[in-house]
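Visitor: Quick one: the structure is below, questions incoming.
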Amino acid sequence: MIEVRNLTKRHRGRAVVDDLSFTVEPGHVTGFLGRNGAGKSTTMRLMLGLDHPCAGRVLFDGVPYRRLPEPLRRVGVMLSPPAVHPGRTAFDHLLWLARTNRVPRGRVGEVLETVGLTGAARQRAGSLSLGMTQRLGIAAALLGDPPVLLLDEPVNGLDPEGVLWIRGMLRTLAAEGRTVFFSSHLMGETALTAERLVVIGGGRLLADTTVRRFVEDNARSHVRLRTPEPGRMREALAMSGIQVGAAEDGSLEVHGVEAARLGELAAANGVTLHEVSTQSPSLEEAFMRLTGAEAGARTEAGRR
């Protein structure tokens, strides 16, 4: 379990992280989201003791990270980009980490196989591709077989096969009862991987909930209409007091009205429809709606 309590960090008088509190429970994959500048990277550095908070604390299973006697065995960490000496081979990089935390040598080969780098074990890190370097960083996080994983942008640089692999691996680790916490800017992948979300904006907590509840609370479904007669359809909707918007592909978007009613309205007015479909809200839409409103509120407050 990860407990973040009243975490605060100020820089030049500005709160980069502002009284932030949340808990990451074991048995779930939890995504950490925020716009650029929201404070995600600073929060993760504070969690690991790489930056000093002005207030608050972070506990990993009841212990601050800096007090863990063998941290690699308790918390698996990968910050983006992974810190790897370019002159070391992938094997030697992991072996060096293993020896500093009393991890058996045999574990190095195991994690190299887990991340698909057995064939590149003797290759120098500086010659690895971005995706292979990412896999090496994940291998380092897994090396101590820790109960807690904290990963910063683990999907970056991975090919489609790698994305499927990391998604399945994170879910498997959570199913084993581990605490899995990862940051990402990829909304679609987060929606497919995470069960829970922690969302921040301006260093403050905006949401700590399930993915499903977050989408339901912050986005609405709508009906998509495709017609060769958009002008006539707009007139028919306006006469019924129904507001309509336009999508980039030229289709019409209607909120708050069932698809069946719109189809009946089109038929009654002799309007040809090529498509009437209900579009479910996405995590991206919900995220942009919430964080956009929050950013707008902060901008307005700054003008006062």
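The values are calculated or read from the model by the stated rules, or taken from the named source; none is laboratory data. Since the model is a prediction, treat every value here as computed from it, not as a measurement. Because the Cβ atoms are built from the backbone with ideal geometry, glycine has one as well, and the counts that use them run over all protein chains shown.
Visitor: Report the residue count in the range 53-66 for those that are of a type in the set (Lys, Arg) and modelled with pLDDT of 95 or more.
Guide: Of the residues in the range 53-66, the ones of a type in the set (Lys, Arg) are 57, 66.
Cutting the leftovers down to modelled with pLDDT of 95 or more gives us 57.
Within the range 53-66, residues that are of a type in the set (Lys, Arg) and modelled with pLDDT of 95 or more number 1.
Visitor: For residues that are at pLDDT below 95 and either among the charged types (D, E, K, R) or in a loop (DSSP other than H, G, I, E, B) (or both), tally how many sit in the range 74-98.
Guide: Within the range 74-98, residues that are at pLDDT below 95 and either among the charged types (D, E, K, R) or in a loop (DSSP other than H, G, I, E, B) (or both) number 10.
Visitor: Is there a residue being surrounded by 13 or more Cβ atoms within 10 Å (Cβ to Cβ), under 22 Å from GLU176 (Cβ atoms) and among the charged types (D, E, K, R) anywhere in the range 81-103?
Guide: Checked against the condition, which is being surrounded by 13 or more Cβ atoms within 10 Å (Cβ to Cβ), under 22 Å from GLU176 (Cβ atoms) and among the charged types (D, E, K, R), the range 81-103 yields no hits at all.
Visitor: Out of the residues in the range 46-84 meeting the condition of being of a type in the set (Lys, Arg) and in contact (Cβ under 8 Å) with a residue 24 or more places away in the chain, tell me which one is farthest from ALA15 (Cα to Cα). Give the steps one after another, and end with the answer.
Guide: Within the range 46-84, the first condition is being of a type in the set (Lys, Arg), and the residues that meet it are 57, 66-67, 73-74.
From what is left, the residues that are in contact (Cβ under 8 Å) with a residue 24 or more places away in the chain are 57, 73-74.
On the way: ARG57: 16, ARG73: 33, ARG74: 30 Å.
Among those residues, the one meeting the criterion is ARG73.
Visitor: Next question. If a residue must be assigned to a strand (DSSP E or B), loosely packed, with under 14 Cβ neighbours inside 10 Å and among the small types (Gly, Ala, Ser), how many such residues does the range 26-58 contain? Walk me through it before giving the result.
Guide: So the first thing to find is which residues in the range 26-58 are assigned to a strand (DSSP E or B), and the list is 29-33, 55-58.
Now restrict to residues that are loosely packed, with under 14 Cβ neighbours inside 10 Å: 55, 57.
Right, trim to among the small types (Gly, Ala, Ser) and you get 55.
The total comes to 1.
Visitor: Then there's this: If the requirement is being under 14 Å from VAL199 (Cβ atoms) and in the same structural domain as VAL199 (by TED's automatic domain parsing), which of these qualifies: THR30, THR42, THR23? Spell out the reasoning first.
Guide: On the way: THR42 fails: under 14 Å from VAL199 (Cβ atoms); THR23 fails: under 14 Å from VAL199 (Cβ atoms).
Of the residues listed, the single one that is under 14 Å from VAL199 (Cβ atoms) and in the same structural domain as VAL199 (by TED's automatic domain parsing) is THR30.
Visitor: Can you confirm whether the range 59-67 contains a residue that is over 21 Å from ALA194 (Cβ atoms), in the same structural domain as SER184 (by TED's automatic domain parsing) and buried (at least 16 other Cβ atoms within 10 Å of the Cβ)?
Guide: Looking for residues that are over 21 Å from ALA194 (Cβ atoms), in the same structural domain as SER184 (by TED's automatic domain parsing) and buried (at least 16 other Cβ atoms within 10 Å of the Cβ), one finds at least one in the range 59-67, hence yes.
Visitor: How many residues are of a type in the set (Ser, Thr, Tyr), part of a helix (DSSP H, G or I) and either under 17 Å from LEU252 (Cβ atoms) or at pLDDT below 80 (or both) when one looks only at the range 264-304? Before you say what the answer is, go through the steps one by one.
Guide: If we filter the range 264-304 for residues that are of a type in the set (Ser, Thr, Tyr), which is where we start, we get 272, 277-278, 280, 282, 291, 299.
Okay, now just the ones that are also part of a helix (DSSP H, G or I), so 291, 299.
Next, only the ones that are either under 17 Å from LEU252 (Cβ atoms) or at pLDDT below 80 (or both) stay: 299.
Final tally of qualifying residues: 1.
Visitor: Continuing with the same structure: Can you pull out every residue in the range 11-35 that is within 13 Å of GLY202 (Cβ to Cβ) and touching a residue at least 12 places away in the same chain (Cβ under 8 Å)?
Guide: ALA15, VAL16, VAL17, ASP18, ASP19, LEU20, GLY34, ARG35
Visitor: Output the number of residues of the range 1-25 satisfying the condition of being farther than 17 Å from TYR65 by Cβ and buried (at least 17 other Cβ atoms within 10 Å of the Cβ).
Guide: 2
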